[in-house]
Amino acid sequence: GKKMGLWTWWDDKGKREKRGAFAKGKKHGTWSWWHKNGKLARRGAFAKGKKHGAWIFEDDEGRRQIEGSYREGRRVGTWRWFCEACEDCDPCDGKGGKTVVDKVYEEPASKAARPKVKVQSSAGRSR
């Protein structure tokens with residue numbers, strides 16, 4: 001049958017790896033993943049199997065790396081990369097001394113259209 005309800009996955013050492021719910025066999029509601037050290041790796045929501053709502057990504061020391069939102073599986077709104085935590089990731093690339101890089105994803109006009117990306121930078125780090 002189809003998966004239903006809350007599920008939790010564990011590694012060989014008994015540490016929690018991920019947890020989330022299913023509705024009619026599709027991911028639904030809040031899901032969380034953890035690093036091997038037990039700290040949160042990422043958390044976000046699904047609706048009918050597609051990423052939907054706010055998502056956060058953190059490194060294994062608990063520092064926020066990325067935050068943004070999805071709507072029906074597509075990135076929307078402002079996505080923020082905290083470059084101090086992910087200095088070698090795109091778009092940070094460890095260059096320019098930026099602490100925060102924002103990308104704004106606009107809603108596509110149709111399902112066939114791709115989102116336009118605007119890159120913005122800010123010197124301050126906010127949470």
Sorted by chain and number, the residues with a modelled amide H under 5 Å from that of V100, at a separation of 5 or more or across chains, are C83, S122
Taking θ = phi - 60°, what integer Hz values does the Karplus form 6.51 cos²θ - 1.76 cosθ + 1.60 yield along segment 16-21, in sequence order, with x for Gly and Pro?
5, 9, 7, 8, x, 10
Skipping prolines and chain starts, which residues have an amide H placed within reach, meaning under 5 Å, of the one on A41, given they are 5 or more residues away or on another chain?
W33, W34, H35
Spelling it out for W7: with amide H atoms placed in the peptide plane at 1.01 Å from N, the residues 5 or more places away or on another chain with amide H under 5 Å from its amide H are G20, A21, F22
Per 0.36 nm of contour for each residue apart, how much would the distance between D60 and A21 grow if the chain were fully extended, relative to their Cα-Cα spacing?
11.7 nm
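Once you've got the Cα coordinates, tell me which of K13/K51; K26/K51; K27/K103; K3/K39; K15/K50 are over 23 Å apart. Kindly include the intermediate steps, with their values, before the conclusion.
On the way: K13/K51 29 Å; K26/K51 11 Å; K27/K103 27 Å; K3/K39 26 Å; K15/K50 26 Å.
Flagged as over cut-off: K13/K51; K27/K103; K3/K39; K15/K50.
Throughout, read-outs are computed from the coordinates displayed, never taken from laboratory work. As the structure is a prediction and not an experimental result, all values here were calculated from the model.
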